[in-house]
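The values are calculated or read from the model by the stated rules, or taken from the named source; none is laboratory data. None of the values given here were measured: they were computed from a predicted structure. All Cβ positions, glycine included, derive from the backbone under ideal geometry; neighbour counts span all protein chains shown.
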Amino acid sequence: MKIDAAVAYAGQAEFALEQVELADPNLDEILVKIAGVGICHTDLFMRDMAGALFTHPAVFGHEGAGTVIAIGANVRKVAVGDEVAITFRSCGECRNCSVGPAAYCENFPALNMSGARTDGTRALSGSKGALEGNFFGQSSFASHCLAYESNVVKVAKGIPTQIAGPLGCAVQTGAGAVLNSLDAQSGSSIVIMGGGPVGLSAVMAAKLRGCETIVLVEPQAARREFAEAHGATHTIDPLALDDVKAALKQIVPTGLDFAFDTTGLESVIGPAIGALKINGAIGLVGLSHKDADVPVKINRLSGAGVRIIGIIEGDSNPDDFLPYLMEQYLAGNLPFDEMITTYPFAEINRAIADQAAGKCIKAVLLL
Ligand SMILES: [Zn+2]
Ligand SMILES: [Zn+2]
């Protein structure tokens, strides 16, 4: 079928809006008519890393949500007409999937980053031939996409489908880091580095968990204000200070229980590790454009028991965790919709520019 898609070309800073061809669903595939799709940093990272991680031209987008309009013969989990949020794909069969969380599926790269479907074919083609797709088992910067049983979750009643997509990446990553990976307990202290959608989801989750001290370190005033209105007990503008670690020590002199980094910057991660207490833990989710090293002295780990934890997708098992997040949203405990600004799909490049300029926190494109 003919669909509209935003195509990334090597060397081009902007996505090109084009009509492309999408294949019919295979036996294990679910055709979703996209209602809304979030823009996540990983889409832009992949757009800018042409060839290194993902061949171009390609269709990205991995926070899609919409309506199931066709299913392959082997699909049982959803039916035509169901509203779904789409997340990452996992195999359900490897050793890591069998013990969970599914975010560490051993086949994650093949299922989410290979550009191809299960059978190795390309589902998308443009005027000049096949396009790389199947990004996170969806490629939802498009009017329609093919998804799978492992990466669709039904949208709970009361949640607008258009904005449900970010639950499948940004919200689950930030909230999951606090609730699952770090398992921050009531009464604990946490610093969150970076107040983008992932960091602010972490702030909301820390409040939900009853953390006593919730600090956000973020240079943009609007994001600090959002955090203060959604659970942060303290905020720090890192550009106004010489020493973030000293500022954190002032807030919790004995050291923080937890830190959570969304920036992937060693200059940010270093002070956060420095501000942890004995046996404190830092979770890392930010990708490093330079593939930099983590700045830490060995004795900080072996002498103080400090723990550094790499986190994918908030240690989520989407079939359990997304319904939980939806429940918390409906109960008023996780107002992730307040982070969202919507744009027409055709304005994808303006939405990206606005997000980069701090004019919005989370851009969601409406189809
Ligand atoms: Zn697996
Ligand atoms: Zn993402």
Within the range 1-41, residues closer than 17 Å to residue 346 by Cα, in contact (Cβ under 8 Å) with a residue 60 or more places away in the chain and among the aliphatic types (A, V, I, L, M) come out as 3, 5, 6, 7, 17, 20, 34, 35, 37, 39
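Would you confirm whether or not the range 315-326 contains a residue that is in a loop (DSSP other than H, G, I, E, B), more than 19 Å from residue 227 (Cα to Cα) and not basic (Lys, Arg)?
Of the residues in the range 315-326, the ones in a loop (DSSP other than H, G, I, E, B) are 316-317.
Those still in the list that are more than 19 Å from residue 227 (Cα to Cα) too: 316-317.
Next, from what is left, pick out any that are not basic (Lys, Arg): 316-317.
Yes, the range 315-326 contains at least one residue that is in a loop (DSSP other than H, G, I, E, B), more than 19 Å from residue 227 (Cα to Cα) and not basic (Lys, Arg).
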Of 336, 345, the only residue that is modelled with pLDDT of 95 or more and over 16 Å from the mean Cα position of the chain (by Cα) is 345
Taking the range 84-100 and keeping residues touching a residue at least 24 places away in the same chain (Cβ under 8 Å) and surrounded by fewer than 22 Cβ atoms within 10 Å (Cβ to Cβ) leaves 91, 92, 100
All conditions in (1) part of a loop (DSSP other than H, G, I, E, B); (2) more than 28 Å from residue 26 (Cα to Cα) are true of residue 122 except (2)
Of the residues in the range 123-165, those that are farther than 21 Å from residue 84 by Cα and free of Cβ contacts under 8 Å to residues at least 24 places away in the same chain come to 129, 130
For this session: May I ask you to verify whether residue 78 is away from ligand 2 (no atom under 16 Å from the Cβ) and under 18 Å from the mean Cα position of the chain (by Cα)?
Result: no
Counting only residues in the range 101-136 that are among the hydrophobic types (A, V, I, L, M, F, W, C) and within 11 Å of ligand 1 (Cβ to nearest atom), the one surrounded by the most Cβ atoms within 10 Å (Cβ to Cβ) is identified as 102
Conditions (1) in a loop (DSSP other than H, G, I, E, B); (2) within 16 Å of ligand 1 (Cβ to nearest atom); (3) over 20 Å from the mean Cα position of the chain (by Cα) -> residue 88 fails only (3)
